[in-house]
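Enquirer: Have a look at this one before I ask anything.
The values are calculated or read from the model by the stated rules, or taken from the named source; none is laboratory data. Keep in mind that this is a model prediction, so the values were computed, not measured. Positions of Cβ are backbone-derived with ideal geometry, glycine not excepted, and every protein chain shown enters the neighbour counts.
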Amino acid sequence: MSTVLFDEPGPRAKRRIRIATVLGVLATLALAALAVRQFAANGQLAAERWQPYATWPMWRYLLDGLWSTALSAVVAAALSMALGLLLALGRLSSKRWLRGPATVYIEVVRTIPALLLVYVVLFALPKYGLDLPLFWKLVVPLTVSNAAAFAEIFRAGILSIERGQTEAGLAVGLTRGQTLRMIVLPQAARRVLPSIVSQSVGLLKDTSLGFIVSYGELFYSGKVLVAYNGLLIQTYIVIALIYLVVNASLSKLARVLERRSSARA
Amino acid sequence: MSVLLDHLPELWQGLLVTLQLTVASFVGAAVLGVLVTAMRVSPVPVLRALGTAYVETFQNLPLLVLLVLVFFGLPEIGIKGPPMATAIVVIAVYQAAYMAEALRSGVNSVSKGQAEAARALGLTFGQSLRLVILPQALRTVVQPLGNLTIQLIMSTALAGAISVVDLTEAAKRVNLQEAQPIAIFVGSGLAYAAIAAAVGYVTGRLERRLVIMR
Amino acid sequence: MRKMVAVVAVSLLGLAACSSTGGGSNPAVPGDAKPAASGLLAKAPVADAAAIVPGSTMEKIKQRGELLVGGSLDAPLLSQQNPVSGEVEGFDASMGKALAKYIIGEPKVKIVNSASETREALIGNGTVDVVFQTYTITPERAKQVAFAGPYYTSGLSIAVKKGTTGIAKPEDLNGKKVIAGANTPAIAAIKKLAPQAEIITFGSDPECMQALKQDRGVAYVQDETLLAANAQKDPTVQVIGNPFTEDPYGIGLKHGDEQFKKFVNDWLKKMQDAGVWQQAWKDSLGTVVKGEAPAPPAIGSVPGS
């Protein structure tokens, strides 16, 4: 698509692009240099403010946090996918008593901030004697919230499978349940795989809410480190970079999957 | 229930802040999103790379981390904005990455013949994008953009991390005082659901009208 | 269900893994609490066998071989995890370890990191035996938990950037932007004494400090010990006057367990008589507050204790 929008630049255009590029890059570099100078003037580049992050104990602590992040994300993703699938099937069901509640759940929950759900689990449930372990204080609200999103992804996938597939399944004598399980769902899952991965990346990012309930995920681990060493800016930069690397790898995986599934289709 | 009425002024103020955050960062995200999309389909390699890097970066950072990093970090390089402005800019920049991604898939869904026709008529890159491609692309992405708007509304709840008293933060503060979490948080949750329902209604209308136009 | 248990177990393993290795100290860390000196714990008393009454909470803990303590990981000088050693250090942490030694004979504790909103529930359902977490004794809370102690009295203070004028007492904060930690008692205290102040909140003490230094607000209201530690680390910040509130910290116990409460109070008395309490103070809070250890508050002197 993008290649049809413009002609291959000629020698003149190429030269103009090159000059503009060089100027743009120079201007950007100049701005960056100014920013770095100011950053250094505020003492934020001083070696002793970065040195701790060249030592293994700090990294070990952060990697422990990353492990907790991964654990909570994996568990929350698995649970919310399972719940999401049930909700999607409920919303597509012909039975009104299933369709109604599933639709209401999806439509309401997918509009409520996860943070608000975390507060409910944190503040409201203990008042009724239900005090979950820290891990579940984070995983339960994330599951409740992401289940609605996964449900919509699965529903879109199921709806995208041609009716003929279902009809063919029924024609060869499969029950409705078998048709769904053996024919529709496998195809639907493959079609929405990229969306599932990107939703999972979103979920992993949401685990940073763990600091609210003081579950030891990456962001909270960073906060404990800051309380210990007082290096606020440096720690947050390091944390941001870790998230970036981890999530970029996951997104890369998503793209590879997308390419493979579209090549097959 | 009465706790909601007693604290209506604070909660109402919080709701207004949430709406301001939503509207302002939506506008910012839309403008930035279109720009980034244009960069990603442009003839200049550096711009294409920049556009891609933008989307990659902001889709892979948690908004919460981005908010605190920008809020406390930018003053150290000499740029200090008030909390509200910082929240709006950060949320706009963050959501623009998702908008750009949605718009790009919209651009890709416009048939190749449209672009060829535009070029054959002698339109420049900018003209064909503005007059032919984007209007059609927008039409196919009304629904995804509606979903992104709901996502944006939800993301404004994190602004409390940098001392903006939005609806969620206001609810938390009222709860700290009154300790009646169910009424307070369910009430605020319903307010979010109502805003989202309004957005859903508008996108639904919009989609129907645009479909007829086609 | 078994899967859930397994998952929880794995997550706890992950936490435990970070406390398994020791290592050198970090010179870049100012105001670092001294490691809970083994000297301190060596001096800490051990209960007579007779005091561990059969069927009591103490006996249950002794048989378990570990004291479950509700506490924080990110409160410098009080209960702060040292990422290098994995140990939790500070005044509250030392008190918890000393209590464990009193019951079990060894300072074996497991710190259950808890958000302050859920402490009553944690004690109520038996997730922890005791809470050492700047837990202010109030008659309201005493309806849900029992408080031994008080074991320390602290209070809220005001910190400003050096050179700030016009702020001498809490009432002076009216009409000004005041920084406070999210979910801290400072919010209610400011609302009461300076109702016209605009309160802006951040998630942690270092963030509040950064905000103060970046002029996001003119003053920062927080527990005096935290502020003292901050002022020591950062010479551009100063603490104004004496604390304007009095917060007696108690040891949170299960509601109605009078036997255990008396046992803990007896322990606290012994700690004070043996000078261990004073030593714990010197090793932690005493590193930022000038002078000798204060006289400990009288046990049972506060409504609710």
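Results for (1) touching a Leu at 6+ places or on another chain (Cβ under 8 Å); (2) surrounded by fewer than 23 Cβ atoms within 10 Å (Cβ to Cβ); (3) assigned to a helix (DSSP H, G or I); (4) touching a residue at least 24 places away in the same chain (Cβ under 8 Å), shown as yes or no for each residue.
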residue	(1), (2), (3), (4)
A:LEU170	no, yes, yes, no
A:ASP206	yes, no, yes, yes
A:GLY210	yes, no, yes, yes
A:LYS223	no, no, yes, no
A:TYR236	yes, no, yes, no
A:VAL246	yes, yes, yes, yes
A:ARG260	no, yes, yes, no
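Enquirer: Checking A:PRO57 against (1) assigned to a helix (DSSP H, G or I); (2) away from chain B (no Cβ under 14 Å); (3) farther than 25 Å from A:LEU232 by Cα, which single condition isn't satisfied?
Expert: (3)
Enquirer: Considering only residues that are in a helix (DSSP H, G or I) and out of contact with any helix residue (DSSP H, G or I) (no Cβ under 6 Å at 6 or more places or on another chain), which ones fall in the stretch A:29-49?
Expert: A:LEU29, A:ALA30, A:LEU31, A:ALA32, A:ALA33, A:LEU34, A:VAL36, A:ARG37, A:ALA40, A:ALA41, A:ALA47, A:GLU48
Enquirer: Turning to a different aspect of this structure: Take the residues in the stretch A:172-192 that are in a helix (DSSP H, G or I) and of a type in the set (A, V, I, L, M, F, W, C), then tell me which one is surrounded by the most Cβ atoms within 10 Å (Cβ to Cβ).
Expert: Only one residue fits best here, namely A:ALA188.
Enquirer: Does B:LEU176 fit the bill of being modelled with pLDDT of 90 or more, surrounded by fewer than 24 Cβ atoms within 10 Å (Cβ to Cβ) and either more than 18 Å from the chain's Cα centre (by Cα) or within 10 Å of chain A (Cβ to nearest Cβ) (or both)? Quick ask: steps written out before the conclusion?
Expert: Values: modelled with pLDDT of 90 or more: no; surrounded by fewer than 24 Cβ atoms within 10 Å (Cβ to Cβ): yes; either more than 18 Å from the chain's Cα centre (by Cα) or within 10 Å of chain A (Cβ to nearest Cβ) (or both): yes.
The answer is no for B:LEU176.
Enquirer: Within the stretch C:144-159, can one find any residue that is without any contact (Cβ under 8 Å) to a residue 60 or more places away in the chain, touching a strand residue (DSSP E or B) at 6+ places or on another chain (Cβ under 7 Å) and closer than 14 Å to C:ALA189 by Cβ?
Expert: no
Enquirer: Report every pair of residues separated by at least 6 positions or lying on different chains whose Cβ atoms are under 7 Å apart, first residue within the stretch B:103-121 and of a type in the set (Asp, Glu), second at pLDDT below 90.
Expert: B:GLU116/A:VAL4
Enquirer: Select from the stretch B:178-191 the residues that are touching a residue at least 40 places away in the same chain (Cβ under 8 Å) and part of a helix (DSSP H, G or I) and write down the one among them that is farthest from A:THR111 (Cα to Cα).
Expert: Taking the stretch B:178-191 as the starting set, the residues that turn out to be touching a residue at least 40 places away in the same chain (Cβ under 8 Å) are B:178, B:180, B:183-184, B:187-188, B:191.
Retained after the next criterion (residues that are part of a helix (DSSP H, G or I)): B:178, B:183-184, B:187-188, B:191.
Values: B:GLU178: 25, B:ALA183: 18, B:ILE184: 17, B:GLY187: 14, B:SER188: 11, B:ALA191: 10 Å.
For the stretch B:178-191, the residue satisfying everything is B:GLU178.
Enquirer: Suppose we filter the stretch B:1-46 for residues that are at pLDDT 90 or above and under 24 Å from A:LYS14 (Cβ atoms); how many remain?
Expert: So the count comes out to 6.
Enquirer: Right, another one. Could you please give the count of residues in the stretch C:40-93 that are hydroxyl-bearing (Ser, Thr, Tyr) and within 14 Å of chain A (Cβ to nearest Cβ)?
Expert: 3
Enquirer: OK, next. For the stretch A:24-45, which positions are surrounded by 12 or more Cβ atoms within 10 Å (Cβ to Cβ), facing another protein chain (nearest Cβ under 9 Å) and free of Cβ contacts under 8 Å to residues at least 12 places away in the same chain?
Expert: Across the stretch A:24-45, the qualifying residues are A:GLY24, A:LEU34, A:ALA35, A:VAL36, A:ARG37, A:GLN38, A:PHE39, A:ALA41, A:ASN42.
Enquirer: OK, next. If you check A:LEU115, A:LEU125, A:LEU132, which single one turns out to be within 12 Å of chain B (Cβ to nearest Cβ), modelled with pLDDT under 90 and out of contact with any Phe, Trp or Tyr (no Cβ under 9 Å at 6 or more places or on another chain)?
Expert: Checking each option against the conditions leaves just A:LEU125.
Enquirer: Could you name every one of the helices (runs of 4 or more DSSP H) located completely within the stretch C:178-267 that has at least 1 residues being more than 10 Å from chain B (Cβ to nearest Cβ) and either touching a Gly at 6+ places or on another chain (Cβ under 7 Å) or of a type in the set (Asp, Glu) (or both)?
Expert: Hits in the stretch C:178-267: C:205-213, C:224-233.
Enquirer: In the stretch C:153-189, what residues are among the hydroxyl-bearing types (Ser, Thr, Tyr) and within 26 Å of C:PRO296 (Cα to Cα)?
Expert: C:THR153, C:SER154, C:SER157, C:THR184
Enquirer: Take A:ILE161 and decide whether it is part of a loop (DSSP other than H, G, I, E, B), farther than 30 Å from C:GLY126 by Cα, among the aliphatic types (A, V, I, L, M) and more than 10 Å from every other protein chain (Cβ to nearest Cβ). Full working, then the answer.
Expert: Details: part of a loop (DSSP other than H, G, I, E, B): yes; farther than 30 Å from C:GLY126 by Cα: yes; among the aliphatic types (A, V, I, L, M): yes; more than 10 Å from every other protein chain (Cβ to nearest Cβ): yes.
Criteria met by A:ILE161.
Enquirer: Residues in the stretch C:168-184 that are more than 24 Å from B:PHE71 (Cα to Cα) and touching a Leu at 6+ places or on another chain (Cβ under 7 Å): how many?
Expert: Looking only at that region, the number is 2.
Enquirer: What are the residues in the stretch C:275-285 that are within 21 Å of C:GLY250 (Cβ to Cβ) and surrounded by fewer than 20 Cβ atoms within 10 Å (Cβ to Cβ), if any?
Expert: C:GLN278 - this is the single residue of the stretch C:275-285 that is within 21 Å of C:GLY250 (Cβ to Cβ) and surrounded by fewer than 20 Cβ atoms within 10 Å (Cβ to Cβ).
Enquirer: Do we have B:LEU158 as in contact (Cβ under 8 Å) with a residue 24 or more places away in the chain, assigned to a helix (DSSP H, G or I) and crowded, with 20+ Cβ neighbours inside 10 Å here? I'd like the intermediate steps shown before the answer.
Expert: On the way: in contact (Cβ under 8 Å) with a residue 24 or more places away in the chain: yes; assigned to a helix (DSSP H, G or I): yes; crowded, with 20+ Cβ neighbours inside 10 Å: yes.
Considered against the rule, which asks whether it is in contact (Cβ under 8 Å) with a residue 24 or more places away in the chain, assigned to a helix (DSSP H, G or I) and crowded, with 20+ Cβ neighbours inside 10 Å, B:LEU158 comes out as yes.
Enquirer: Right, next: Those residues that are free of Cβ contacts under 8 Å to residues at least 60 places away in the same chain and either within 14 Å of chain A (Cβ to nearest Cβ) or within 14 Å of the chain's Cα centre (by Cα) (or both), I need them from the stretch C:94-114; list them, please.
Expert: C:GLY96, C:LYS110, C:ILE111, C:VAL112, C:ASN113, C:SER114
Conditions (1) assigned by TED's automatic domain parsing to the domain that holds C:LYS176; (2) surrounded by 21 or more Cβ atoms within 10 Å (Cβ to Cβ); (3) among the aromatic types (Phe, Trp, Tyr), marked per residue:
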| position | (1), (2), (3) |
| --- | --- |
| C:ALA98 | no, yes, no |
| C:TYR102 | no, yes, yes |
| C:GLY105 | no, no, no |
| C:VAL112 | no, no, no |
| C:GLY124 | no, no, no |
| C:GLN133 | no, yes, no |
| C:GLY149 | no, yes, no |
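Enquirer: Could you list, in sequence order, all residues of the stretch A:74-114 that are part of a loop (DSSP other than H, G, I, E, B), surrounded by fewer than 20 Cβ atoms within 10 Å (Cβ to Cβ) and of a type outside the set (D, E, K, R)?
Expert: A:SER93, A:SER94
Enquirer: Right, here's the next one. Exactly one of these conditions fails for A:PHE219: (1) facing another protein chain (nearest Cβ under 7 Å); (2) under 14 Å from C:ALA115 (Cα atoms); (3) crowded, with 23+ Cβ neighbours inside 10 Å. Give me its number.
Expert: Among (1) facing another protein chain (nearest Cβ under 7 Å); (2) under 14 Å from C:ALA115 (Cα atoms); (3) crowded, with 23+ Cβ neighbours inside 10 Å, the lone unmet condition for A:PHE219 is (2).
Enquirer: For the subset of the stretch B:74-86 comprising residues that are out of contact with any Phe, Trp or Tyr (no Cβ under 7 Å at 6 or more places or on another chain) and within 14 Å of chain A (Cβ to nearest Cβ), which member is farthest from B:GLY146 (Cα to Cα)?
Expert: Result: B:GLY78.
Enquirer: What is the residue count in the stretch C:188-209 for residues that are closer than 24 Å to A:SER221 by Cβ and in contact with a strand residue (DSSP E or B) (Cβ under 8 Å, 6 or more places away or on another chain)?
Expert: Number of matching residues: 7.
Enquirer: Within the stretch B:34-60, can you find the residues that are without any contact (Cβ under 8 Å) to a residue 24 or more places away in the chain and crowded, with 21+ Cβ neighbours inside 10 Å?
Expert: B:ASN60
Enquirer: Exactly one condition in (1) within 14 Å of chain A (Cβ to nearest Cβ); (2) under 27 Å from C:LYS282 (Cα atoms); (3) more than 17 Å from the chain's Cα centre (by Cα) is false for C:VAL160; which is it?
Expert: Condition not satisfied by C:VAL160: (1).
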